[in-house]
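Only one structure is covered here, and it is reproduced in the block below.
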Amino acid sequence: MSERNDGGPAFPIGSGDVRDPCGMTLRDWFAGMVLVGINVDPDHESSPEDRAKWAYFDADAMLAERDK
């Protein structure tokens, strides 16, 4: 099974080495930004679980596009 691409640290701190896992991942950052957009729409009626799934679906798509 292949490992999920999480984009690495979104805001690397500490040693400055991007291979040093610290802070949130870029995948989490992207998903959070998607959630902001979803939650701004007052007419968007869905469960928090559905919104989280959509956010990570979009975040994965952004990471895939970034790798091209």
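Values quoted throughout were computed directly from the atomic coordinates according to the rules given, and no laboratory measurement underlies them. Here the structure is a predicted model, which means the values were calculated and not measured. Using ideal geometry, Cβ is built from the backbone for each residue, glycine included, and neighbour counts are taken over all protein chains shown.
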Using modelled amide H (1.01 Å from N, peptide plane; none on Pro or chain starts), what sits under 5 Å from the amide H of T25, excluding residues fewer than 5 places away?
A10
Protection proxy (average C-beta count within 10 Å per residue), highest first, orders 55-62, 24-31 as 24-31, 55-62
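Need the full-extension length gain, R66 to V36, defined as separation in residues times 0.36 nm minus the C-alpha distance. One decimal, nm.
Gain in length upon complete extension: 8.7 nm.
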Per residue of the stretch 44-59, what does 6.51 cos²θ - 1.76 cosθ + 1.60 with θ = phi - 60° give for ³J(HN,Hα)? Whole Hz please, x for Gly and Pro, Karplus curve as stated.
7, 10, 7, 6, x, 5, 5, 4, 5, 4, 5, 4, 6, 4, 5, 4
Just to check I understand the Karplus step: with θ = phi - 60° and J = 6.51 cos²θ - 1.76 cosθ + 1.60, what whole-Hz values come out for the stretch 28-34, glycine and proline as x?
5, 4, 4, 4, x, 5, 4
